[in-house]
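Please treat every number below as a calculation from the coordinates, not as lab data. Please read these numbers as outputs of a predicted model, since none were measured by experiment. Positions of Cβ are generated from backbone atoms using ideal geometry, with glycine treated the same way; all protein chains shown enter the neighbour counts.
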Amino acid sequence: MIKLENIVKNFGDIHVLKNVNLNINEGEKLVVIGPSGSGKSTLIRCMNYLEEPTSGKVVIDEYDLSLKKDLAKVRQSTAMVFQQFNLYPHMTVLENLTLAPIKLQKVSKKEAEESGLKYLEKVGLKEKADAYPNQLSGGQQQRVAIARALNMHPKIMLFDEPTSALDPEMIQEVLDVLIGLSKENITMVVVTHEMGFAKQVADRIIFMDGGQIIEEAHPEEFFSNPKNDRAKAFLNKIIR
Ligand SMILES: Nc1ncnc2c1ncn2[C@@H]1O[C@H](COP(=O)(O)OP(=O)(O)OP(=O)(O)O)[C@@H](O)[C@H]1O
Ligand SMILES: [Mg+2]
């Protein structure tokens, strides 16, 4: 579903990604971990060309993104959820969910609202359809952002530290939504420091350091017996 071939990304003299190769299968749940600055965000931003790689090839669902011609189509089926929820503050929750389907996917308002309400229900927020983002807690806003992404009916969902900006008591409610999603056939790539979650949902963990994937393994294997010393040190630091 996602194929990265020899991806290099430089920002001026900074070499952020150094020849990354990665294949992600349809329906796979991949968790990306690694220290700050290791290139995790850059890597997933390259997957939908929010960052254009300096060199290398990204193929999503058979589309070669470097050709640019299918970029709009691929972006519609590749939803991204960020640390900051980026909801439109002047729109209601339901309007946030229906904007892109109506404008970009030419879905009728009625249909977009019906499916929007269905996804709001799924994230436990149907009763907030007419609220504005600033009337919601951080955890609720992030769940709305996930419902908004789902209302595009994506094949791929990319999450960049979706719980890092949340107060501790709100983290689990968002993780629970992700755990629910992980049971569906959506291809998910999640950058996270939530190791319990990673253990529970990941089909595969990749560990990045210095712009490279230096270990990839099944979670059971990775958490019980990381092979790489840097991965070991990282785990010792974050799992208390
Ligand atoms: N637009 C940019 N211009 C210049 N340097 C950048 C840019 N984006 C990222 N970098 C640099 O690339 C490196 C990797 O950044 P990236 O955000 O991918 O790391 P990360 O693993 O996501 O880190 P974190 O865990 O802190 O989010 C860092 O050294 C960062 O400073
Ligand atoms: Mg990051």
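Helix-only arithmetic for the chain: the sum of -39500 (n - 2.57) across DSSP H runs with n ≥ 4, divided by the residue total, places the mean residue ellipticity at 222 nm at -11000 deg cm²/dmol.
Only one residue of I213, F234, S224 has its Cα farthest out toward the positive end of the dipole of segment 122-240, where Lys and Arg carry +1 and Asp and Glu -1 on Cβ, and that residue is I213.
With only Cα atoms counted, segment 32-74 has Rg and Dmax values of 11.4, 35 Å.
Legend: distances between Cα atoms for K68/K118; K3/K199; K18/K183; K9/K69; K68/K103; K118/K155; pairs beyond 27 Å are K68/K118; K18/K183. Binning the alpha carbon pair distances of segment 87-127 at 5 angstrom intervals from zero yields the distribution 6, 27, 30, 26, 10, 1, expressed in whole percent. Within segment 158-204, the trypsin sites (Lys or Arg not before Pro) that combine a DSSP coil assignment with at most 12 other C-beta atoms in a 10 angstrom radius are K183. Peptide packing: for 82-90, 158-166, 134-142, the average count of neighbouring Cβ atoms within 10 Å per residue gives the ranking 158-166, 134-142, 82-90, highest mean first.
Summarising the overall dimensions of segment 30-106 from its C-alpha atoms, the Rg and Dmax are 14.9, 41 angstrom. Cα convex hull, segment 149-240: 117 Å³ per residue, rounded to a whole number.
Of the trypsin sites (Lys or Arg not before Pro) in segment 91-147, the ones in a loop by DSSP (not H, G, I, E or B) with at most 13 other beta carbons within 10 Å are K106.
Normalised Debye scattering of the chain at q = 0.09, 0.11 Å⁻¹ gives log10 I(q)/I(0) of -0.38, -0.58, counting only Cα atoms as equal scatterers and leaving out solvent.
Starting from segment 173-240, pick out the GluC sites (Glu not before Pro) whose DSSP state is loop and whose Cβ has at most 14 other Cβ atoms within 10 Å.
Values: sites: E173, E184, E194, E215, E216, E220, E221; in loops: E184, E194.
Passing both the DSSP loop test and the Cβ count: E184.
Distances over 14 Å make up what percent of all Cα-Cα pairs in segment 137-200?
Numbers: 1110 of 2016 pairs.
Of the Cα pairs, 55 percent sit more than 14 Å apart.
For segment 67-171, the pair-distance distribution built from all alpha carbon pairs, in bins 10 Å wide starting at 0, is 16, 48, 29, 6, 0 percent. Applying a length cut-off of 24 Å (Cα extent along the axis) and a mean Kyte-Doolittle floor of -1.0 to the DSSP H helices of the chain leaves no helix. Normalising the Debye intensity of segment 1-143 to I(0), with uniform scatterers on Cα atoms only, and taking log10 at q = 0.09 Å⁻¹ returns -0.37.
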